[in-house]
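This report concerns only the one structure given below.
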Amino acid sequence: MIDLGRIRLFFTSLGPSDATGLLLVHGWGGDGREWSVHAETLADRFRVIVPDLRGHGRSEAPEQGNSPLEMADDLAVLVEALDCDPVVAVGHSMGGQVVNLLAVRHPGLVRSVVALDPAHGAHGAEVDGIPRRLSEYREQGARAAAAFVAGAFSAHAPTGLGTAHIRTMLGTPDHVIAQAYAGMYTDPDAVGVRPHSEAYLRRRTQPALTVWTSAEAAEWERGTLHVPGSRVDHWPGVGHYLHEERPERTVRLIQDWADGATAGASLRLP
């Protein structure tokens with residue numbers, strides 16, 4: 001646990017203190033434990049920082065302000081406090097939105113971004129359903145959110161993975177569930193709906209790798225790329241928690257990307 005002044009965050013750090021910083025960020029209603037397998041393997045080559053976002057896991061849960069934007073600013077203070085910048089920032093789902101916001105709002109702290117099935121680019125029927133879902137989350141909190149989690153896995157997901165995430169979601173404070181969802185999609189500064197997503201992605205100056213489980217979303221995001229070295233991949237046949245359904249593939253992806261980002265940064269040095 002670290003007191004950042006603005007918030008008290010729980011985090012773990014593995015790997016050599018002088019290695020490239022690798023920040024692994026969980027999603028909505030999750031916690032850092034979902035990165036345990038990845039962190040242990042990646043710590044052979046990187047300094048791996050795994051936080052619990054505000055309102056989640058073992059971190060402090062304030063009564064207000066549990067939004068991705070505030071979470072991104074928390075992580076900026078954490079990265080500076082640990083003196084591990086610039087980091088390769090990796091995030092899943094809401095965590096993907098958080099690490100992109102971190103890159104946009106604090107560009108000097110982020111070397112590159114990896115976003116896995118990120119919580120941006122919502123359109124069509126998904127957008128139409130946002131008001132109803134937000135109402136449910138405000139009324140029922142984590143109980144309503146657990147229904148989303150239950151349907152987020154493929155038939156090939158490891159046994160117990162869905163149950164673990166339902167338990168973690170149910171342990172997340174109800175007000176955090178509602179505030180974080182609103183912060184993703186309906187707050188004035190939310191970036192989850194496609195036109196707002198496109199605007200904030202245009203502001204990102206670092207190379208980025210995004211992995212989508214949706215072919216349509218992957219094709220859409222390819223049209224937003226403007227930084228050399230960026231790319232979008234599509235992983236069919238996996239559920240939303242793709243990093244846990246395919247942990248070995250995810251570790252290879254992150255490792256190869258981070259190695260390339262580090263090499264690219266070295267080549268740009270005078």
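The values are calculated or read from the model by the stated rules, or taken from the named source; none is laboratory data. This is a predicted model, so every value here is computed, not measured. Using ideal geometry, Cβ is built from the backbone for each residue, glycine included, and neighbour counts are taken over all protein chains shown. Just so you know, the surface numbers come from the protein's heavy atoms only, side chains and all, with ligands and any DNA or RNA stripped out. Shrake-Rupley method; radii C 1.70, N 1.55, O 1.52, S 1.80 Å.
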Subset of the range 1-26, residues out of contact with any helix residue (DSSP H, G or I) (no Cβ under 8 Å at 6 or more places or on another chain) and either surrounded by 20 or more Cβ atoms within 10 Å (Cβ to Cβ) or part of a loop (DSSP other than H, G, I, E, B) (or both), comes to Met1, Pro16, Ser17, Asp18, Ala19
When the range 236-253 is examined, which residues are found to be at negative phi, assigned to a loop (DSSP other than H, G, I, E, B) and open to solvent by 30 Å² or more (accessible area, probe 1.4 Å)?
Pro236, His240, Arg246
List the helices (runs of 4 or more DSSP H) that sit entirely inside the range 94-152 and contain at least 2 residues that are over 30 Å from Leu78 (Cα atoms).
125-128, 130-140, 142-150
Enumeration of residues in the range 218-230 that are surrounded by 14 or more Cβ atoms within 10 Å (Cβ to Cβ) and in a helix (DSSP H, G or I):
Ala218, Trp220, Glu221, Arg222
So Ala89 fits all but one of (1) closer than 20 Å to Tyr241 by Cα; (2) outside any strand (DSSP E or B); what number is the exception?
(2)
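Matching residues to (1) of a type in the set (A, V, I, L, M, F, W, C); (2) over 14 Å from Val25 (Cβ atoms):
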site	(1), (2)
Pro68	no, no
Leu75	yes, no
Ala81	yes, yes
Pro86	no, yes
Ala89	yes, no
Gly95	no, no
Val98	yes, no
Pro107	no, yes
Of the listed residues (Asp256, Asp189, Asp174, Asp233), the one being closer than 19 Å to Asp31 by Cα, open to solvent by 10 Å² or more (accessible area, probe 1.4 Å) and among the acidic types (Asp, Glu) is Asp174
Considering each residue of the range 103-137, count those that are within 21 Å of Asp233 (Cβ to Cβ) and open to solvent by less than 40 Å² (accessible area, probe 1.4 Å), and give that number.
13
Residue tally, condition assigned to a loop (DSSP other than H, G, I, E, B) and either open to solvent by 60 Å² or more (accessible area, probe 1.4 Å) or closer than 21 Å to Ala61 by Cα (or both), over the range 27-49:
7
Which one of the conditions (1) assigned to a loop (DSSP other than H, G, I, E, B); (2) modelled with pLDDT under 95; (3) under 18 Å from the mean Cα position of the chain (by Cα) does His156 fail to meet, given that it meets all the rest?
(3)
